[in-house]
1. For residues in segment 148-173 being within 16 Å of the ligand (Cβ to nearest atom) and surrounded by fewer than 17 Cβ atoms within 10 Å (Cβ to Cβ), which is nearest to LEU34 (Cα to Cα)?
2. Condition check: farther than 25 Å from ALA385 by Cα, in contact with a Phe, Trp or Tyr (Cβ under 7 Å, 6 or more places away or on another chain), free of Cβ contacts under 8 Å to residues at least 40 places away in the same chain and not in a loop (DSSP other than H, G, I, E, B). Does ILE297 satisfy that?
3. Evaluate segment 106-119: report whether one residue or more is of a type outside the set (D, E, K, R), at pLDDT below 95 and touching a Leu at 6+ places or on another chain (Cβ under 7 Å).
4. Answer yes or no as to whether SER67 is polar (S, T, N, Q) and within 23 Å of THR40 (Cα to Cα).
5. Looking at segment 128-147 only, could you name the residues that are within 16 Å of the ligand (Cβ to nearest atom) and touching a Leu at 6+ places or on another chain (Cβ under 9 Å)?
6. Test LEU60 against the stated conditions and say whether it is in contact with a strand residue (DSSP E or B) (Cβ under 8 Å, 6 or more places away or on another chain), over 30 Å from THR306 (Cβ atoms) and surrounded by 18 or more Cβ atoms within 10 Å (Cβ to Cβ).
7. Name the helices (runs of 4 or more DSSP H) wholly within segment 306-385 that hold at least 1 residues that are crowded, with 24+ Cβ neighbours inside 10 Å and among the hydroxyl-bearing types (Ser, Thr, Tyr)?
Amino acid sequence: MDYLEIVGGQKLSGSVLISGAKNAALPIIAATILSDKKVTLTNLPNVVDIRTLLSLLTMLGGEVDHSETIAHINNGSINSTKAVYEIVSQMRASILVLGPLLARFGECEVSLPGGCAIGQRPIDLHLRALEAMGAHIEIKGGYVRAEAKDGLKGAKIIFDKITVGGTENIVMAAALAHGQSTIINAAIEPEVVQLCEMIRDAGVDIQGIGTNELIIEGTCGKPLEFKTVEIIPDRIEAGTYLCAGAITNSVITLNKVNNNHIRTSIDKLESMGCSFELTDDSITILPSKTLKPVNLITTEYPGFPTDMQAQFMAVAALAEGESVIEERLFENRFMHVSELNRLGADIWLKGSVSAVKGVEKLFAADVMATDLRASSALVLAALVAEGTTNVRRIYHLDRGYDDLEGKLTKLGANICRKKESK
Ligand code: EPZ
């Protein structure tokens, strides 16, 4: 397995290009199943999860021509509706093919995604909503077997809690359903908005895009024809690089960002003492020599994103004072705490709340990544830890960050990828 060797203490400078958003690209790739014609996706991030989902389309019989940031997809040739365990177990977001496969073909079998490091990750809300649309759902042998022989019918769906993937699955299912669907308590993350816009631009009548109530007039099973889609910038990658500037006290510029999507990260770093210069599609961080503590509660968009919690904890570890961070979305998203403490941080946990007592310095150690965002938090801490830190199990990072070590090297970090000796 690869690991990253990082020598701490380097200041960063210059600019970094933000890639397309993994969490926008995944539902959009799944949505191409709703079409039997060719569609082009651009600004795809070059990350493992994208390659995994594209390989699933190929396994189902779709045609995929993918190079770096562009994919030409034609799912007119799909001849299987079974998303096998081997793929779904690698990337739980594969469950996003459930809605579109069922809507287009009237039946499908998708492996249960299983949990992951940060939590159990149930899909009960997805399944209940599809049943409300007339699907017959059976869980057998680790697979969700779904059937709607006469097609899905429009329904009123009320989500007990806001679910990004659940909203995305049901928006895609409703697009081809017979009649009108209303989704109440829908997620409004930017990636949900872009998915809705892609489907609307294919001629589906969707009202309420960007609000918690969506009204969708289905096409009664008629496949869609999509225009080319340019994936929106990755708001979590952008927030991660802002944290890199803050923790190393460096002036860096992020290009190709959507500043409206990272307002809470900007606001919280401002409260810690940083300031910013913004243009239409770039942001420069002007860090503060000393960082004030911060209080964070993770919640759904536009609140503070759970996917930025670990990165901010790394920054808070060096603040002057005690920060309080509450994780409200996932039941086990503090796996980075013990690894940060190995680097000399002073972080305490009590249930879903962590207290982060700022320390003067961090010190290099061997640490282990446990999940995607925890890995980036460890990289951030290693950038300032005294000595050489090895961050292991970085396959987690490769799932969601496009060339992290290349981009950090370009900014001046002393970081390189190494292979574990056998
Ligand atoms: C998406 O996951 C993101 N993944 C996650 O990013 C992100 O952390 C999460 O949304 C919250 O913003 C992708 O977009 C591919 P949810 P998703 O359904 O859709 C519970 C990353 O690091 N829930 O909004 O799986 C669930 O357990 C990843 O890029 C149910 O109870 O998240 C959680 O507590 C990590 N039943 C809460 O809702 C359900 O049927 C929010 O989950 C579905 C969800």
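The values are calculated or read from the model by the stated rules, or taken from the named source; none is laboratory data. Remember, predicted model here, so these are calculated numbers, not experimental data. Every residue, glycine among them, receives a Cβ derived from its backbone with ideal geometry; neighbour counts consider all protein chains shown.
1. Restricting attention to segment 148-173, the residues satisfying the condition of being within 16 Å of the ligand (Cβ to nearest atom) are 157-173.
Then keep just the ones that are surrounded by fewer than 17 Cβ atoms within 10 Å (Cβ to Cβ); that gives 158, 160-161.
Values: ILE158: 23, ASP160: 27, LYS161: 26 Å.
Per the stated criteria, the residue is ILE158.
2. Details: farther than 25 Å from ALA385 by Cα: yes; in contact with a Phe, Trp or Tyr (Cβ under 7 Å, 6 or more places away or on another chain): yes; free of Cβ contacts under 8 Å to residues at least 40 places away in the same chain: yes; not in a loop (DSSP other than H, G, I, E, B): yes.
Against the criterion (farther than 25 Å from ALA385 by Cα, in contact with a Phe, Trp or Tyr (Cβ under 7 Å, 6 or more places away or on another chain), free of Cβ contacts under 8 Å to residues at least 40 places away in the same chain and not in a loop (DSSP other than H, G, I, E, B)), ILE297 qualifies.
3. No, because not a single residue in segment 106-119 is of a type outside the set (D, E, K, R), at pLDDT below 95 and touching a Leu at 6+ places or on another chain (Cβ under 7 Å).
4. Values: polar (S, T, N, Q): yes; within 23 Å of THR40 (Cα to Cα): yes.
Taking the combined requirement at face value, the residue satisfies it.
5. Going residue by residue through segment 128-147, those that are within 16 Å of the ligand (Cβ to nearest atom) are 128-133, 135, 137, 139, 144, 146.
Residues satisfying the conditions are LEU130, MET133, ALA135, ILE137, ILE139, VAL144, ALA146.
6. Values: in contact with a strand residue (DSSP E or B) (Cβ under 8 Å, 6 or more places away or on another chain): yes; over 30 Å from THR306 (Cβ atoms): yes; surrounded by 18 or more Cβ atoms within 10 Å (Cβ to Cβ): yes.
Taking the combined requirement at face value, the residue satisfies it.
7. Numbers: elements: 309-316, 336-342, 372-384.
Counting at least 1 such residues, we get 372-384.
Here is a yes/no grid of residues against (1) more than 19 Å from the chain's Cα centre (by Cα); (2) more than 14 Å from the ligand (Cβ to nearest atom); (3) among the charged types (D, E, K, R):
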{"position": "ASP49", "(1), (2), (3)": "no, no, yes"}
{"position": "SER55", "(1), (2), (3)": "no, yes, no"}
{"position": "MET59", "(1), (2), (3)": "yes, yes, no"}
{"position": "ASN79", "(1), (2), (3)": "yes, yes, no"}
{"position": "PHE105", "(1), (2), (3)": "yes, yes, no"}
{"position": "GLU109", "(1), (2), (3)": "yes, yes, yes"}
{"position": "CYS116", "(1), (2), (3)": "no, no, no"}
{"position": "HIS126", "(1), (2), (3)": "no, no, no"}
